[in-house]
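The values are calculated or read from the model by the stated rules, or taken from the named source; none is laboratory data. It should be emphasised that the depicted structure is a prediction, and the values quoted were computed from it without experimental measurement. Methodologically, a virtual Cβ is constructed for each residue, glycine included, from the backbone with ideal geometry; neighbour enumeration extends over all protein chains shown. What goes into the accessible areas is simple: the full protein's heavy atoms, side chains included, and nothing from ligands, DNA or RNA. Shrake-Rupley method; radii C 1.70, N 1.55, O 1.52, S 1.80 Å.
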Amino acid sequence: MPIESFLEYIRYEKNLSTHTVLSYRNDLFQFKKFLETECDGIEMQKVTSDCIREWVALLSEGGMSARSICRKISSLRAFYRYLVVQSDIQESPVKNIPLPKVHKKMPVYLRQDSMNELLDDVSYGEGFEAVRNKLIIAMLYHTGMRRAELIGLRDTDVREGEIKVTGKRNKQRLIPYGEELSQMIAGYRQARKESCGDDCGFFFVRENGEPLYPQLVYRVVNGSLSKVCSLDKRSPHVLRHTFASAMLNNGATLNSVKELLGHHSLASTEVYTHIT
């Protein structure tokens, strides 16, 4: 089946994340279902541009956002490029399908005074979890890493003065850090040793020694940010945006911020120039 072979290709050859592969899978099977119900069951390899335009129109009429429609068209583009390379079709039917215009949202970030309050004045309680939770906030802010990158940190990745981060598509980068974060890391390691022992493997763990999970990190960040700001969005990504804006405000070049964030393209980093 062409969809399954494509999904195997992007998972094992392109090294895309499980989440990304699942998104492609959902988009492609949704389109396949549309073909079965609205286009007389035409095969994926025989689809025309008109079929795709009809699907896009149906999604738009159903109230789907332009951003979501763009993602689905991008999924089809990748799939049909694959079929062209595999010689299953001669030309992609998505080639001339325009993307709907998406209004770019400005990154949500914390002001410096709120960030200072979060790290200096907010109480995180006592014990191992309190030490860990404060370090989660500090590390997301001081390094700009993504939530998944933070969860995936091994203990050996956190070295003296730098952290080895494994990002999207298993691309690795080194992020330096200063004395303030160094002291917090040392304090956390001591608290972790007393609570969980020495052999943890992952850097951030729960009290039972098991690694963190995404919803736990989200709750820690959301609960902490709610104490210092009234932003509607209070996710780990807000701290990533805050890191980028602080770096640029303090004289870092756009290219250096791009490397620290692990962006593939400078265009992804340029959005932060509008909030500095």
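Numbers below:
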{"item": "Those residues of the range 261-276 which are open to solvent by 30 Å² or more (accessible area, probe 1.4 Å) and either outside any helix (DSSP H, G or I) or in contact (Cβ under 8 Å) with a residue 24 or more places away in the chain (or both), in sequence order", "result": "His264, Ser265, Val271, Thr273, His274, Thr276"}
{"item": "Which numbered condition Asp157 misses (of (1) among the acidic types (Asp, Glu); (2) open to solvent by 50 Å² or more (accessible area, probe 1.4 Å); (3) under 18 Å from Arg132 (Cα atoms))", "result": "(2)"}
{"item": "Selected residue (criterion: surrounded by the most Cβ atoms within 10 Å (Cβ to Cβ)) from residues of the range 164-192 that are within 25 Å of Lys14 (Cα to Cα) and of a type in the set (A, V, I, L, M)", "result": "Val165"}
{"item": "Criterion violated by Pro2 - all others in (1) under 22 Å from Ile89 (Cα atoms); (2) open to solvent by 60 Å² or more (accessible area, probe 1.4 Å); (3) of a type outside the set (A, V, I, L, M); (4) touching a residue at least 60 places away in the same chain (Cβ under 8 Å) satisfied", "result": "(2)"}
{"item": "Qualifying position, being at pLDDT below 95, over 24 Å from Asp113 (Cβ atoms) and not acidic (Asp, Glu), among Lys193, Lys233", "result": "Lys193"}
{"item": "Where a residue in the range 135-153 is over 18 Å from Leu225 (Cα atoms) and its partner, wherever it lies, is aromatic (Phe, Trp, Tyr) and open to solvent by 10 Å² or more (accessible area, probe 1.4 Å), with Cβ under 9 Å and at least six apart", "result": "Ile151/Phe202; Ile151/Tyr213; Gly152/Phe202; Leu153/Phe202"}
{"item": "Qualifying residue in the range 1-24 (condition: over 28 Å from Arg169 (Cβ atoms) and of a type in the set (Ser, Thr, Tyr))", "result": "no"}
{"item": "Within the range 194-221, considering residues that are of a type in the set (Phe, Trp, Tyr) and surrounded by 18 or more Cβ atoms within 10 Å (Cβ to Cβ), the one farthest from Lys233 (Cα to Cα)", "result": "Phe203"}
{"item": "Single residue of the range 94-120 satisfying the filter (more than 22 Å from Thr242 (Cβ to Cβ) and surrounded by 15 or more Cβ atoms within 10 Å (Cβ to Cβ)) that is nearest to the chain's Cα centre (by Cα)", "result": "Pro100"}
{"item": "Qualifying residues in the range 92-142 (those that are assigned to a helix (DSSP H, G or I) and small (Gly, Ala, Ser)) - the one modelled with the lowest pLDDT", "result": "Ser114"}
